Each structure stands twice: as structure tokens, then as C-alpha cells.
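Engineer: This is the structure I have questions about; it appears just below.
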Amino acid sequence: YKQVSCGKPSMWDEGEPRASHSASWESFYGMQLLSYVDPDTAWSAYRGLMSLVDEDGMLGGESLPSENAHTAWILYQNKADKEALKEIYPALKRHLTWRFNNPRWILNSHDNPYEKDYDFCSNFMMDVDFAIKICEEIGETADVAYWEDLQSQMYENIKTWFYRDDRSAPYQCYYTNDGSLSSGAQAWVVKSLW
């Protein structure tokens, strides 16, 4: 497979070990942009990165907010390869399901299973919109209800985890083990609100 490395590939190597210079965020955006001028290479890079999603749905390396289904949809808009959509859908479904259960940042020793991150939750919500479009396009219409249910659950989680009755600004991180909150990076919270 081709690879689309993130912005500083010579300095960044925290992706899935078999494609360490490909990020699960920046590289997906790079694939989207590349698809406007070289859709075949973009599809190859996307297939390659998605081939690394394991059976549990995790894509190794730094865990960043989901941009997977959106990327597939952009690639499809620029080259309508329905077979490619069908091919990647099982990995996409595994990964988005994993992301629903793990809406958090993971990098090296930072791997707190109790942490829930607003930015990851909001990106999940948006990415599922594109997963639904993909399902409809490839005839996996039975999965639409599955995605809508996860999206509804995540919406309830967002309201419960990140907002408080005192009308304070939403928090970035919520910890399910003890109910604590962290204001974190407010730029990410604002992005999530937008």
C-alpha cells in the first residue's frame, strides 16, 4: 500500500508500528486532500491504514479522534469505487465500535481506560453520519439502526459526562471510575461545540 505520512514524517513515528509515519488523524486528512488530484493513491493509502485495524477494532499507534468514515466518504466522492467501500467497511465498523467504547487519547504510557474526551466523542458523532451514508451506499442498510443507536447513546454520554448543572463551561475530560472532570484544552472543547 501507499502511505500518506503526517506533516513531519521525519520527526513523527507514533502511528501503527507497521506504518509508523502515518497518523490516524493527519494522514486521513492528507488522504482526503490527495484524493482530489490522485484518488488511486489516496484509496491505496486508506486501504493500507484500515488493513491495520485489529480484530478488536483498535488501530495501533497514537489514538486520535475518528476521521475514518469521513475520509472514506471523501475518497468515494472523488472516485466512486463502491468495491473499495465494501472492502473497508468491516474494518471501519470494528474501528468505530471500538472508538465508541474508547473515546480517549492513547499515546505511549498515557492509556487511561476510564478517561472520556469530549473531542473524541464529538468526532465520533460526526464520523457516524458518514458511516451511515456508506451503509446506505453499499447496501448495508441493516447497520443504519446500529449506528443511530450508538450515536444516540454517545449523545446522552456527552450530556452526562461533560456538562454540569452549574452552567459552567463544558469539560474536556470525564473519568468514569470516580466521576472527576478536567477542563483540559479549551480549544478542543470549543472545536467540539462548533
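The values are calculated or read from the model by the stated rules, or taken from the named source; none is laboratory data. Since we're looking at a predicted model, the values are computed, not measured. Note that we place each Cβ from the backbone using ideal geometry, even for glycine, and neighbour counts take in every protein chain shown. Surface areas here come from the heavy atoms of the whole protein model, side chains and all, with no ligands, DNA or RNA. Shrake-Rupley method; radii C 1.70, N 1.55, O 1.52, S 1.80 Å.
Engineer: Inside the range 136-146, can you point out the residues that are open to solvent by less than 30 Å² (accessible area, probe 1.4 Å) and without any contact (Cβ under 8 Å) to a residue 40 or more places away in the chain?
Structural biologist: If the condition is that a residue be open to solvent by less than 30 Å² (accessible area, probe 1.4 Å) and without any contact (Cβ under 8 Å) to a residue 40 or more places away in the chain, then V144 is the only one that fits.
Engineer: Every residue in the range 116-131 that is assigned to a helix (DSSP H, G or I) and open to solvent by less than 20 Å² (accessible area, probe 1.4 Å), please. Before you say what the answer is, go through the steps one by one.
Structural biologist: Looking only at the range 116-131, we keep the residues that are assigned to a helix (DSSP H, G or I), and these are 118-131.
Y118, D119, F120, C121, S122, N123, F124, D127, V128, A131 - these are the residues of the range 116-131 that are assigned to a helix (DSSP H, G or I) and open to solvent by less than 20 Å² (accessible area, probe 1.4 Å).
Engineer: Something else about it: For the condition of a type in the set (G, A, S), at pLDDT below 95 and open to solvent by 60 Å² or more (accessible area, probe 1.4 Å), what is the one hit in S183, S192, S152, S168?
Structural biologist: Values: S192 fails: open to solvent by 60 Å² or more (accessible area, probe 1.4 Å); S152 fails: at pLDDT below 95; S168 fails: open to solvent by 60 Å² or more (accessible area, probe 1.4 Å).
None of the others qualify; the one that does is S183.
Engineer: Would you mind telling me which numbered condition in (1) in contact (Cβ under 8 Å) with a residue 24 or more places away in the chain; (2) closer than 23 Å to G61 by Cβ; (3) open to solvent by 40 Å² or more (accessible area, probe 1.4 Å); (4) not hydrophobic (A, V, I, L, M, F, W, C) P113 fails?
Structural biologist: Condition (1) is where P113 drops out.
Engineer: Next question, about the same structure. Just to verify a result, which residue in the range 49-87, among those that are touching a residue at least 60 places away in the same chain (Cβ under 8 Å) and assigned to a helix (DSSP H, G or I), is surrounded by the most Cβ atoms within 10 Å (Cβ to Cβ)?
Structural biologist: Within the range 49-87, the match that is surrounded by the most Cβ atoms within 10 Å (Cβ to Cβ) is A72.
Engineer: Tally the residues that are in a helix (DSSP H, G or I) and either open to solvent by 20 Å² or more (accessible area, probe 1.4 Å) or more than 27 Å from Y171 (Cβ to Cβ) (or both), restricting the search to the range 98-110. I'd like the intermediate steps shown before the answer.
Structural biologist: Start the filter on the range 98-110 by keeping residues that are in a helix (DSSP H, G or I), which leaves 98-101.
Still in the running and either open to solvent by 20 Å² or more (accessible area, probe 1.4 Å) or more than 27 Å from Y171 (Cβ to Cβ) (or both): 98, 100-101.
Count: 3.
Engineer: Pull up the range 21-48, narrow it to residues that are touching a strand residue (DSSP E or B) at 6+ places or on another chain (Cβ under 7 Å) and open to solvent by less than 50 Å² (accessible area, probe 1.4 Å), then point me to the one that is nearest to Y76 (Cα to Cα). Outline the logic, then answer.
Structural biologist: First, the residues of the range 21-48 that are touching a strand residue (DSSP E or B) at 6+ places or on another chain (Cβ under 7 Å): 21-24.
If we keep only those that are open to solvent by less than 50 Å² (accessible area, probe 1.4 Å) too, we end up with 22-24.
Working: S22: 20, A23: 20, S24: 18 Å.
Residue satisfying both the conditions and the ranking: S24.
Engineer: Restricting to the range 9-36, give me the number of residues that are out of contact with any helix residue (DSSP H, G or I) (no Cβ under 9 Å at 6 or more places or on another chain) and without any contact (Cβ under 8 Å) to a residue 12 or more places away in the chain.
Structural biologist: So the count comes out to 3.
Engineer: Hey, does the range 157-179 have a residue that's closer than 20 Å to Y46 by Cα and in contact (Cβ under 8 Å) with a residue 40 or more places away in the chain? Reasoning before the result, please.
Structural biologist: At the first step, the residues of the range 157-179 found to be closer than 20 Å to Y46 by Cα are none.
Within the range 157-179, none of the residues are closer than 20 Å to Y46 by Cα and in contact (Cβ under 8 Å) with a residue 40 or more places away in the chain.
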